[in-house]
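Shown next, in structure tokens, is the structure this report addresses.
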Amino acid sequence: MEMIRNHRNNLLAETDWMALPDVTMSDAWKTYRQELRDIPASNTVYADVTWPPKPE
């Protein structure tokens, strides 16, 4: 579970700049970030996680 959270946190950190007040985040990126936040609630085995694709 810790590996899942660490990987998820790294992916979220890559997009944190999009959450700044002067940046307009698209719905696709909002959905991606929410899907990342939801992963630990429904996954306990790192190898079984299906990571969401990054929006274009």
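Values quoted throughout were computed directly from the atomic coordinates according to the rules given, and no laboratory measurement underlies them. Keep in mind that what you see is a predicted model, and the values were worked out from it rather than measured. Positions of Cβ are backbone-derived with ideal geometry, glycine not excepted, and every protein chain shown enters the neighbour counts.
Structure above, values below:
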read-out: Near pairs, Cβ below 7 angstrom, 6+ apart or cross-chain, from segment 33-44 (closer than 15 Å to Asn10 by Cβ) to any residue that is among the hydroxyl-bearing types (Ser, Thr, Tyr); value: Arg33/Thr15
read-out: Unique residue being part of a helix (DSSP H, G or I), within 9 Å of the chain's Cα centre (by Cα) and either among the hydroxyl-bearing types (Ser, Thr, Tyr) or loosely packed, with under 12 Cβ neighbours inside 10 Å (or both) when the list is Asn6, Asn10; value: Asn10
read-out: Enumeration of residues in segment 38-56 that are surrounded by 11 or more Cβ atoms within 10 Å (Cβ to Cβ) and closer than 20 Å to Met1 by Cα; value: Asp38, Ile39, Pro40, Asn43, Tyr46, Val49, Trp51, Pro52
read-out: Residue, surrounded by the fewest Cβ atoms within 10 Å (Cβ to Cβ), within segment 13-37, restricted to residues that are among the aliphatic types (A, V, I, L, M) and not in a loop (DSSP other than H, G, I, E, B); value: Ala13
